[in-house]
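Here, each number is a calculation from the coordinates, and none is a lab measurement. Not measured: the values here are computed from a predicted model. With ideal geometry, Cβ positions are generated from the backbone for all residues, glycine too; neighbour counts draw on all protein chains shown.
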Amino acid sequence: MARVAVVSGGTRGIGAAISKALAALGHNVAAVYHGNDEAAAKFKAETGIPVYKWNVGDYAACAEGLAKVTADLGPVDILVNNAGITRDVQFHKMTPEQWYDVVNTNLNSLFNMTRPVIEGMRERGFGRIVNISSINGQKGQRGQTNYSASKSGDIGFTKALAQENANKGITVNAICPGYIATDMVKAVSKEILEKAILPQIPVGRLGEPEEIARCVVFLVAEEAGFITGSTLSANGGQFMI
């Protein structure tokens, strides 16, 4: 059955792969972005998937944007909270802006994006919410106190919201990717990648964005109604919990 799906951070990297995978299933996808107009225009031209621009760290912008998506495509039944940023620095040198920028985008956005659609999901008796957390939300990471805290918060949000909505046909799950071959990771020097990162990954390679997209496809399926409150790790065996 075709559903309306919203993917934040949906025009680049992992988010683009998720948007494409959901569209390939016949869902009506809205790919949300904030910063890179050129990349969004290219994504739209290549895929035909409509793009919407707003700041997921701003509640009013999310409410207005989601209302526009609903008017254009219909009520939202699938929500993938994928948008995320990093502002890496040792905590004793971290500025308030570096803390709040990351927490607003990576954690507060889950409230901002989910609150406007959750009541409709409850009324219709169906919803699929997937929150893209991180391996570093599970284990922590030096230089990423802000990022690790926000991504750990995503997991707590997932578990609590899943309990509240399980009897309404709504599932809420989290995915924790490890090192994925996005532009950000591929920008790391070859020496650091080969000597410091890959040796930590038992499968011996970076993950691909499409592998995370397949996890999302599994969790949002009509047949996945018994899976909720779960955290799916996709990290090549780097961290097992």
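Would you mind putting 68-74, 151-157 in packing order, based on average other-beta-carbon counts within 10 Å, highest first?
Descending packing order for the listed peptides: 151-157, 68-74.
Order these by the 10 Å Cβ neighbour count, fewest first: D183, D58.
In order of increasing Cβ crowding within 10 Å: D183, D58.
Defining a contact as two alpha carbons under 8 Å apart and six or more residues distant in sequence, what relative contact order in percent does the chain show?
Numbers: 467 pairs, mean separation 47.4, N = 241.
About 20 percent, as a whole number.
Here the Karplus curve 6.51 cos²θ - 1.76 cosθ + 1.60, taken at θ = phi - 60°, turns the phi angles of the stretch 156-164 into couplings of x, 4, 4, 5, 5, 5, 4, 5, 5 Hz, with x standing for Gly and Pro.
Just to confirm my numbers, what's the Cα centroid distance between the stretch 149-179 and the stretch 1-57 in Å? That distance is 21 Å.
Its DSSP H runs of at least 4 residues, each contributing -39,500 (n - 2.57), put the calculated 222 nm mean residue ellipticity of the chain at -13500 deg cm²/dmol, to the nearest 500. Here the residues S189, S148, S133, ranked from fewest to most Cβ neighbours within 10 Å of their Cβ, fall in the order S189, S148, S133. Summarising the amide proton neighbourhood of R3: residues at separation of 5 or more, or on other chains, whose placed amide H is nearer than 5 Å comprise H27, N28. Within the listed set L79, L110, L193, the Gaussian network model of the chain (springs between alpha-carbon atoms below 10 Å) gives the highest mean-square fluctuation for L193.
If the limit is 25 Å between Cα atoms, which of K53/K159; K151/K186; K139/K168; K139/K186; K151/K190 go over it?
Numbers: K53/K159 29 Å; K151/K186 21 Å; K139/K168 32 Å; K139/K186 22 Å; K151/K190 27 Å.
Over 25 Å Cα-Cα: K53/K159; K139/K168; K151/K190.
Evaluated with a Cβ-only charge set (Lys, Arg +1; Asp, Glu -1), the chain carries a dipole of roughly 340 debye about its Cα centre, given to the nearest 20. Between R115, R12, R128, the Gaussian network model of the chain with springs among Cα atoms under 10 angstrom shows the greatest mean-square fluctuation at R115. Bridging of K42 to aspartates and glutamates at a Cα separation below 20 Å is possible for D183, E210, once same-chain residues fewer than 8 apart are set aside. Comparing mean-square fluctuations of E223, E191, E164 from a GNM of the chain with C-alpha springs under 10 Å, the top value falls on E191. Phi angles of the stretch 109-116 translate, via the Karplus equation with coefficients 6.51, -1.76, 1.60 and θ = phi - 60°, into HN-Hα couplings of 4, 5, 5, 4, 8, 8, 4, x Hz per residue; Gly and Pro are given as x.
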